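The values are calculated or read from the model by the stated rules, or taken from the named source; none is laboratory data. What you see is a predicted model, and the numbers here were worked out from it, not measured in a lab. With ideal geometry, Cβ positions are generated from the backbone for all residues, glycine too; neighbour counts draw on all protein chains shown. These accessible areas exclude ligands, DNA and RNA; they are computed on the full protein's heavy atoms, side chains included. Shrake-Rupley method; radii C 1.70, N 1.55, O 1.52, S 1.80 Å.
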4 protein chains.
Amino acid sequence: MPTSVFQHAVLVGKHQAGGVARTLSEIASWLAEAGVEVWVEALTAHHCDLPGHAELALEEAGTRGADGGWVAIVVGGDGTMLGAARRLAPYGVPLVGINSGRLGFITDITEADWRQAIGAMLGGHFEREHRSVLGGQVLRGGRPVFEGIAINDVVVNRSGATGLLELRVDVDGRPMYVQRADGLIVSTPTGSTAYAMSAGGPILHPSLPGLVLVPIAAHTLSNRPIVLPEGVHVEIEVMSHKDVGVNFDMQHFADLLGGDRVSLRISPHRAVFLHPPGWSYFTTLRKKLHWHEVLGEED
Amino acid sequence: MPTSVFQHAVLVGKHQAGGVARTLSEIASWLAEAGVEVWVEALTAHHCDLPGHAELALEEAGTRGADGGWVAIVVGGDGTMLGAARRLAPYGVPLVGINSGRLGFITDITEADWRQAIGAMLGGHFEREHRSVLGGQVLRGGRPVFEGIAINDVVVNRSGATGLLELRVDVDGRPMYVQRADGLIVSTPTGSTAYAMSAGGPILHPSLPGLVLVPIAAHTLSNRPIVLPEGVHVEIEVMSHKDVGVNFDMQHFADLLGGDRVSLRISPHRAVFLHPPGWSYFTTLRKKLHWHEVLGEED
Amino acid sequence: MPTSVFQHAVLVGKHQAGGVARTLSEIASWLAEAGVEVWVEALTAHHCDLPGHAELALEEAGTRGADGGWVAIVVGGDGTMLGAARRLAPYGVPLVGINSGRLGFITDITEADWRQAIGAMLGGHFEREHRSVLGGQVLRGGRPVFEGIAINDVVVNRSGATGLLELRVDVDGRPMYVQRADGLIVSTPTGSTAYAMSAGGPILHPSLPGLVLVPIAAHTLSNRPIVLPEGVHVEIEVMSHKDVGVNFDMQHFADLLGGDRVSLRISPHRAVFLHPPGWSYFTTLRKKLHWHEVLGEED
Amino acid sequence: MPTSVFQHAVLVGKHQAGGVARTLSEIASWLAEAGVEVWVEALTAHHCDLPGHAELALEEAGTRGADGGWVAIVVGGDGTMLGAARRLAPYGVPLVGINSGRLGFITDITEADWRQAIGAMLGGHFEREHRSVLGGQVLRGGRPVFEGIAINDVVVNRSGATGLLELRVDVDGRPMYVQRADGLIVSTPTGSTAYAMSAGGPILHPSLPGLVLVPIAAHTLSNRPIVLPEGVHVEIEVMSHKDVGVNFDMQHFADLLGGDRVSLRISPHRAVFLHPPGWSYFTTLRKKLHWHEVLGEED
């Protein structure tokens, strides 16, 4: 076996799913045989017994791997992948996603295919793809009180049972609109096939340098989703006064008060995903969205 | 002046709006001169001083007016009208809606036009329209723990910042779907131009004997709004386990637990609205929805 | 074998599909053994050789079967079923739909299941369902120049490559709107899951006494689909002047001129569909619309 | 009056609108007094008498003005502006749009304001904005048989009353989908608020380096609009066999045959629009889309 282009691999698994442990264990052995040093992400290690492999926080893997030679292998669903990608994005360590159940939008290698896919990748055969990341702050009285990043989306929404949500949105310091709605989704291309799509948003190709604002149940029917270039500065000011919150990838939450501003920009960092050679984003779309019967493919 | 077809009128005003008091006072004087006995709804009386006219709870007006001769005159917005209609629907006392600001879907007489409109109505010239009402119960362990009625809609939704909402919907005892969404709106024709429309629902003509289920941000794109005949029994079972609630016309709220069932039927009672002669539902639609430039009308 | 509740069956097959002939032949033999007199629809007979069974136009089957004892068995897709239903609706002869390929919305018995399903039906075990039918005329200078009926929909649309389509729609003689769009679909509940759904319309339950107007690519975003009670008279006047047409179930076409009126009403006749016992409309919806993973069903 | 930054202005007017002539005449006199040499676009000159000013084809103005010093002033609606922009885009001559009736998306100066706006522009005070342009070819048997450019959109659609339209779309040589629909709109950001929006597409900010594909009444509900980066090569192959056509900005039309390919790329040229200082795209959006009541603005 020729030398791998990756000397270190850190394994990440979906904690709640017992079955993932076996796959992780097989991958660990296989990589070790291929001469790759295998590390296990700390929380994954806590849930899956992978003897003989050292634990490591993802941020530590990021720091060590910032100059190359490292890869993260994620076994689980899109949520697990999103979590790992958020933590590794600042360091540029690439991720490979293996879905442990149904095909995901970003975990696009099946458990049955991992040997072939990872084998090719170790040999340097892969497609490298960059996904943009949203970074944001909550400003209260002009001072940051919360920070977060998102691979999919940042959502400002009602956090209680009732009440009108009113948001003023400025883009590059210019007023865009006042939105009366259940909420407002600011989504990356990666997030465009997640919550934003449920709310009526378009699909953004991952390589589009843009982001999309999608209102949820807007009062004004002409408040269509709007796609902005990725260099913009989006500021969302909370004009209503109770039960409002913001979340990043539906993982990190903050309560908002009237007058708070959520300030968002695409981050200078990008998450790096590796795909098997010949991978096509459109193939994943077709399968996930049941664009059946296309080109004679099986679904 | 000929004898009025209504011997009693109960006045209802939007409490928060100061300007309404003057219009109510003018209407009261004008009606009294026309030989109509004027009553003032209790909460309205509390906020607007209308000397010489007795207070009355709407339910009391309903009881006294169930055999005819009574009319409720509402000055305010659609919310005020909805509230009064909910309380009077069981008794069949008709309502007239005068909007104190912008045209409403159901408060379709302007403040400038009230004399002409109400004058015609006292003379028996009006269009009588029936609006269906949704009645519902929350069942916990099979026993009712909450009851409500709605003129617009009953909404089961997430009441917290987070969490997947999963609802199983049965229609006449047959499983329809399991809905994964931010929420589910069950709307009357009257409510179809309110929240249900924001969530992507169709317009239902007020005389359609049907109701519509509109999911909010459904995970499955093919979960389109579905219109059911009004005789059906709709049951919504909560399959997720936290931060779920139900509201009736966004006025009456109840928290829901996993396993709770919201049981809904169109009520045997209908709200009765009176409109000036020549009134057309479509004219209101065109104005409210900015179907401009139609038929040469001003907007 | 007990006596069948049907003494006569007329077989209808999709002409273009060769494979249908064998199924038709098997059904014919099976029915004959069960003591049912088997007839073959004329055009079907022309394409599929079914020796020993007399040919019959569907209208003739309708006339003979108007008093009962007849059933039409259709093998093909929804299009074949629509065509047969249009022709039999005036007579009330019931239809059974067997899909020769993929499940249809109205051909809901699989080829694998026909023996069981039809066996039960001959024994009187079925669910009888009525589907409303749209009847229409084209009026030119007030005189009818074309007539048609539709089980799914009547569509007025642009019939050329270019030009603005402008339609004035009156409902019960009252102006509703002037629609600027690619076209306007007037759909029955049966048609609501066909073209109307592609254009953004809601699902109407088959037993809803209503119809829906769905514009295609309306210029005005607030021109939402509108559901009207089934008793209404809908008139569509062509205000633009070239390349406009109307079709009934995409089968019968007429060119329209400026000033022409398309006058539509729900017909007093209804198509009658028979389904196997236990059939649920929602089960078909879930399968056709990929509402997967619902209630643990296979799809 | 200081020297104008533009030495030459070519005037373009909406031919059909008589009232435009007076405004054009006033602008011509005013510019001449300001020392700007005034030319009149040939077709405009044919319809509007502007004595003392030479006629000029727009392409000629483009050639002469490619190095600067020229501006085109368009009086009319968005259609007139689109036509002029298509012809000037290859040369980079900037355009100013004055709407002669209702506010347009790209004719954003009112007739009442033209003196102030153009005065500022002559003094060098304006915002310069670039709009992308779609260029396309129809390939038959691999050979180009038609060429066109579009500021708004290229639309492949059904050109007859009937028939299923089936299109195979490849992006950068990779199969994206087979679309079954009434048609497919490929739109620039400028076109995103035109026909694409009627068909359910998102708004694309004019500075977004992307384009959007929006199906019209797609058979598959999950065939959402998709936004692609502007560098892509989009190829649309006609798989159905009759009554299919393509148009560029709804102005230039070609019939298509089965097997024809429409090959599209964003052009290296961009249309250049000038706006008054302080202009905001969002202000135009809010007014055109009736995002009323925003920020206290009049509408």
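Could you work out, residue by residue across A:172-181, how many beta carbons of other chains sit within 10 Å of that residue's beta carbon, and then give the average as an integer?
4
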Convex hull of segment C:189-299 built on C-alpha atoms - directionally averaged projected area, nm²: 9.5
Other-chain or far-sequence residues with amide H under 5 Å of A:GLU55's (modelled H): A:VAL40
Charge tally in the Cβ shell below 13 Å around A:ALA57, where Lys, Arg are +1 and Asp, Glu are -1, A:ALA57 excluded: -2
Per residue convex hull volume, Cα atoms of segment D:230-292, in Å³: 171
Across the identical copies, how the A:GLY101 labels are spaced - nm, sorted shortest first, 7 Å along Cα→Cβ: 3.4, 4.6, 5.6
Segment D:134-268, dipole about Cα centre (Lys/Arg Cβ +1, Asp/Glu Cβ -1), debye to the nearest 20: 200
Position D:GLY160, label points 7 Å along Cα→Cβ, spacing to each other copy in nm (shortest first, one decimal): 1.6, 6.0, 6.2
A:ARG87 accessible area, 1.4 Å probe, all protein chains in place, Å² to nearest 10: 90
DSSP-defined antiparallel bridges as percent of all bridges, chain A, nearest 5: 75
Relative frequency of Cα-Cα separations exceeding 20 Å in segment D:122-184, percent: 50
Net charge over other residues, Cβ less than 12 angstrom from the Cβ of A:GLU127 (K, R count +1; D, E count -1): 0
Accessible-area ranking of B:ASP49, C:ASP113, largest first, probe 1.4 Å: B:ASP49, C:ASP113
Most to least packed among C:238-249, C:64-75, B:211-222 [average Cβ atoms within 10 Å]: B:211-222, C:64-75, C:238-249
FRET E, pair B:GLN251, C:ALA54, Förster distance 60 Å, beta-carbon r, rounded to 0.05: 0.35
C:TYR281 accessible area, assembled protein chains, probe 1.4 Å, Å²: 20
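Using the Cα atoms of segment D:134-268 to build a convex hull, what is its mean projected area in square nanometres? Don't skip to the answer; put the middle values down first.
On the way: hull surface 29.1 nm².
Reported value for the Cα convex hull: 7.3 nm².
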Shielding by partners - mean other protein chain Cβ count within 10 Å, residues of D:224-234: 5
Shielding score for C:214-221, defined as the mean number of other chain Cβ atoms within 10 Å: 6
Within-11-Å neighbourhood charge of B:ILE203 [Cβ basis; K, R +1; D, E -1]: +2
Estimated Rh, segment C:51-130: Kirkwood, alpha-carbon pairs, angstrom: 13.2
Using a Förster distance of 22 Å, the FRET efficiency for A:LEU103-A:GLU33 (Cβ separation, nearest 0.05): 0.20
Identity and axial distance of the chain A residue whose Cβ lies nearest the axis relating A to D, Å: A:PRO202, 2
5 Å-binned pair-distance histogram of segment A:1-160 (Cα, whole percent): 2, 9, 18, 21, 20, 13, 7, 5, 3, 2, 1, 0
Pseudo-label separations to other copies for C:HIS46 - Cα-to-Cβ vector, 7 Å, nm: 5.2, 7.5, 7.8
Partners for B:LYS287 among lysines (Cα-Cα distance below 23 Å; same-chain residues under 8 apart left out): B:LYS14, D:LYS287, D:LYS288
FRET efficiency, 1/(1 + (r/R0)^6) with R0 41 Å, evaluated for A:HIS15 and C:GLU127 via beta carbons: 0.30
Cα-based Rg / Dmax (Å) for chain D: 20.3, 63
Tensor-based shape of the protein assembly as shown (alpha-carbon gyration tensor, a/c under 1.5 rounded, otherwise prolate or oblate): rounded
Most positive-pole-ward Cα, A:GLY141, A:HIS130, A:VAL71, against dipole of segment A:70-180 from beta carbon charges: A:GLY141
Kirkwood-Stokes translational diffusion coefficient of segment A:1-77, alpha-carbon pairs, 20 °C, 1.002 mPa s, µm²/s: 173
